Amino acid sequence: MAGCIFCAIVTGEAPAHVIYADDDAVAFLDRRPSALGHTLVAPRRHVEHLWDGDAEDVVAVARAVHATAALLHDRLQPDGLTMRQNTGAASGQDVFHLHVHLVPRWHGDGHIGWPTRPDDLPDLAEVQARLTR
Ligand code: 5GP
Ligand code: ZN
């Protein structure tokens, strides 16, 4: 899509440090990494959000995520890896071309997880009902 930086990266029109590519997706280093090897995995097809497009777009990303995670594990030998996907500005999405973050993790690296609210626990049965009825 015109004006989309990740479309330009997956076609090779814009520079990026690509570490994995296949017919459907490309993995490249985040230009502002939050850890050594912080990688973004994006489908070649322009899809804005996780809920857009069809399951095949997510499958394409998932295959590349699997291959890239194995590569990061093999070459950097992290103790773990955090996978994150932001959809919508409310979640922190900044680039509106679907992508998954793969962030290698090491014991004691100081990264914090997401917040929990122990004083405001939801009724899980109510949430389940909302999602399934
Ligand atoms: P989001 O907040 O949308 O989940 O993440 C967007 C990510 O893309 C950010 O971590 C940002 O550093 C990265 N990013 C934005 N523009 C570029 C770019 O042109 N090249 C690369 N390699 N990363 C980018
Ligand atoms: Zn795009």
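PRE reach from His49 (point 7 Å along Cα→Cβ): which of the range 87-102 fall under 19 Å by backbone N? Only 87-101 pass the distance filter. How far, in degrees from 0 to 90, does helix 55-76 lean away from the longest principal axis of the Cα atoms of the chain, to the nearest 10? So the inclination is approximately 70 degrees.
Comparing the chain with the 2.2 N^0.38 Å rule of thumb, its C-alpha radius of gyration ratio is 1.18 (two decimals). Taken about its Cα centre, the chain carries a charge dipole of about 220 debye when Lys and Arg each add +1 at the Cβ and Asp and Glu each add -1 at the Cβ.
Taking the charge dipole of the range 5-132 about its Cα centre, with +1 at Lys and Arg Cβ atoms and -1 at Asp and Glu Cβ atoms, the residue from Leu121, Gly37, Val58 reaching farthest to the positive side is Gly37.
Loop-located GluC sites (Glu not before Pro) in the range 1-85 (DSSP state not H, G, I, E or B) with no more than 15 neighbouring Cβ atoms inside 10 Å: Glu13.
The residues packed around Gly3, meaning those with a beta-carbon under 13 Å from its beta-carbon, carry a net charge of -2 if Lys and Arg are +1 and Asp and Glu are -1.
Sequence-distant contacts, meaning Cα pairs under 8 Å at least 6 residues apart, place the relative contact order of the chain at 24 percent. Protection proxy ranking, highest mean first, for peptides 118-131, 80-93: 80-93, 118-131, where packing is the per-residue count of other beta-carbon atoms within 10 Å, averaged. Among the chymotrypsin sites (Phe, Trp or Tyr not before Pro) in the range 4-71, those placed in a DSSP loop whose Cβ has at most 10 other Cβ atoms within 10 Å are Trp51.
Tell me what the chain gives for mean residue ellipticity at 222 nm when only DSSP H runs of n ≥ 4 count, each as -39,500 (n - 2.57), the sum divided by the residue total, rounded to 500 deg cm²/dmol.
Helices in the chain give a 222 nm mean residue ellipticity of -9000 deg cm²/dmol.
Sites listed here are trypsin sites (Lys or Arg not before Pro) in the range 3-71 whose DSSP assignment is loop and whose Cβ has at most 14 other Cβ atoms within 10 Å: Arg31.
Bear in mind these aren't lab numbers, they're just calculated from the coordinates by the rules spelled out. Keep in mind that what you see is a predicted model, and the values were worked out from it rather than measured. Quick reminder, even Gly has a Cβ in these numbers, built from the backbone with ideal geometry, and neighbours come from all protein chains shown.
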